[in-house]
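> Below is a structure I'd like to ask you about.
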Amino acid sequence: ATFAACQAAGVPLIRIMLQRSPEEPYMACEARWKHELAELVPLCRRYGVKIGIQQHFGAGVFSSMELRHVLEGLDTSWIGAIWDAAHSALAGECPEQALDILWDYLFLANFKNAYYQHVTQPSPDGSDRMVFKPYFTTAREGMADWPRALALLLERGYTGVLCMPAEYTEAERVNDYIGQDLTALRTMLAAVRNPV
């Protein structure tokens with residue numbers, strides 16, 4: 001029903017993330033994901049709708065290499081990668097390497113940004129402990145280097161969509177921040193296309 005609805009609405013791509021519970025062995029999950037994704041290919045073909053997998057902070061598919069490993073052996077004309085600048089940076093990746101790893105599978109590039117924030121979290125024993133949590137922020141304030149990513153995409157002739165998911169920890173500021181980030185993305189694109 002989801003594929004039929006996407007076809008009827010002209011939606012060409014379904015974005016998903018592959019998550020697992022921390023107690024599940026990663027490689028067993030990967031084998032299951034590959035099997036489940038392969039079973040979806042006939043639906044992709046029937047309805048003309050692709051599935052894009054985005055890497056995401058946490059216990060599932062986090063790094064670009066993990067995502068590539070999941071995609072290897074699948075029909076990548078229908079099942080591909082969504083590179084996310086923020087989650088890639090949270091994984092400690094430089095954009096050139098991450099995009100190179102996913103290049104043959106790349107369906108879409110997400111532009112958002114984040115950094116790790118040091119926060120106090122209560123422990124079960126009643127004491128406090130310091131942890132790092134992702135904080136989603138604006139283009140110029142996070143760990144992801146948008147200009148470097150844009151330069152590589154343009155250099156390699158990327159013609160896909162530059163998606164701006166508008167994900168911010170300060171959700172009440174989403175309208176302000178997405179406007180700033182759209183301006184920033186346009187400025188960065190212009191600078192990459194016409195370097196001084």
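The values are calculated or read from the model by the stated rules, or taken from the named source; none is laboratory data. Since the structure is predicted, the reported quantities are computational estimates derived from the model, not experimental observations. Reconstructed Cβ throughout: ideal geometry from the backbone, glycine too, with neighbour counts over all protein chains shown. Only protein heavy atoms, including side chains, enter the accessible area calculation; ligands, DNA and RNA are left aside. Shrake-Rupley method; radii C 1.70, N 1.55, O 1.52, S 1.80 Å.
Listed here are the residues, each with its yes/no results for (1) hydroxyl-bearing (Ser, Thr, Tyr); (2) open to solvent by 40 Å² or more (accessible area, probe 1.4 Å); (3) touching a residue at least 40 places away in the same chain (Cβ under 8 Å); (4) within 29 Å of Cys44 (Cα to Cα).
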position	(1), (2), (3), (4)
Gly80	no, no, no, yes
Ala85	no, no, yes, yes
Ser88	yes, no, yes, yes
Trp103	no, yes, yes, yes
Leu108	no, no, yes, yes
Lys112	no, no, yes, yes
Tyr116	yes, yes, no, no
Thr120	yes, yes, no, no
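> Name every residue in the stretch 7-18 that is in contact (Cβ under 8 Å) with a residue 40 or more places away in the chain and either β-branched (Val, Ile, Thr) or assigned to a loop (DSSP other than H, G, I, E, B) (or both), in order of residue number. Walk me through how you get there before you give the answer.
Within the stretch 7-18, the subset in contact (Cβ under 8 Å) with a residue 40 or more places away in the chain is 7, 13, 15, 17-18.
If the condition is that a residue be in contact (Cβ under 8 Å) with a residue 40 or more places away in the chain and either β-branched (Val, Ile, Thr) or assigned to a loop (DSSP other than H, G, I, E, B) (or both), then Met17, Leu18 are the ones that fit.
> In the stretch 2-53, what residues are modelled with pLDDT under 95 and of a type in the set (Gly, Ala, Ser)?
Matches in the stretch 2-53: Ser21 only.
> Filter the stretch 42-76 down to the residues that are part of a helix (DSSP H, G or I), open to solvent by 10 Å² or more (accessible area, probe 1.4 Å) and either in contact (Cβ under 8 Å) with a residue 40 or more places away in the chain or β-branched (Val, Ile, Thr) (or both) and list them by number.
Of everything in the stretch 42-76, those that are part of a helix (DSSP H, G or I), open to solvent by 10 Å² or more (accessible area, probe 1.4 Å) and either in contact (Cβ under 8 Å) with a residue 40 or more places away in the chain or β-branched (Val, Ile, Thr) (or both) turn out to be Leu43, Arg46, Tyr47.
> Can you go through Gly80, Gly58, Gly52 and tell me which one is more than 24 Å from Pro134 (Cα to Cα) and within 13 Å of the chain's Cα centre (by Cα)?
Values: Gly58 fails: more than 24 Å from Pro134 (Cα to Cα); Gly52 fails: more than 24 Å from Pro134 (Cα to Cα).
Sole residue among the options that is more than 24 Å from Pro134 (Cα to Cα) and within 13 Å of the chain's Cα centre (by Cα): Gly80.
Conditions (1) in a loop (DSSP other than H, G, I, E, B); (2) buried (at least 16 other Cβ atoms within 10 Å of the Cβ); (3) touching a residue at least 40 places away in the same chain (Cβ under 8 Å), marked per residue:
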residue	(1), (2), (3)
Ala5	no, no, no
Arg20	yes, yes, yes
Met27	no, no, no
Glu30	no, yes, yes
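> Let me ask something else. On the basis of being at pLDDT 95 or above, closer than 18 Å to Leu152 by Cβ and open to solvent by 60 Å² or more (accessible area, probe 1.4 Å), does Gln97 make the cut? Write out each step before concluding.
Details: at pLDDT 95 or above: yes; closer than 18 Å to Leu152 by Cβ: yes; open to solvent by 60 Å² or more (accessible area, probe 1.4 Å): yes.
The answer is yes for Gln97.
> When only residues in the stretch 142-168 that are in a helix (DSSP H, G or I) and aliphatic (A, V, I, L, M) count, which is surrounded by the most Cβ atoms within 10 Å (Cβ to Cβ)? Steps first, answer last, please.
As a first pass, look at the stretch 142-168 and keep what is in a helix (DSSP H, G or I): 146-155.
Narrowing the set further to residues that are aliphatic (A, V, I, L, M) leaves 149-154.
Numbers: Ala149: 25, Leu150: 22, Ala151: 19, Leu152: 20, Leu153: 21, Leu154: 12.
Here the answer is Ala149.
> Return the pair list, or none, for Cβ contacts closer than 9 Å from residues in the stretch 165-194 that are closer than 14 Å to Leu154 by Cα to residues that are open to solvent by less than 60 Å² (accessible area, probe 1.4 Å) and in a loop (DSSP other than H, G, I, E, B), at least 6 apart or on different chains.
Leu185/Phe111; Leu185/Ala139; Leu185/Met164; Met188/Ala139
> Here's a follow-up. Within 20 Å of Gly52 (Cα to Cα) and out of contact with any Ser or Thr (no Cβ under 7 Å at 6 or more places or on another chain), is that true of Gly80?
Details: within 20 Å of Gly52 (Cα to Cα): yes; out of contact with any Ser or Thr (no Cβ under 7 Å at 6 or more places or on another chain): yes.
Yes, satisfied.
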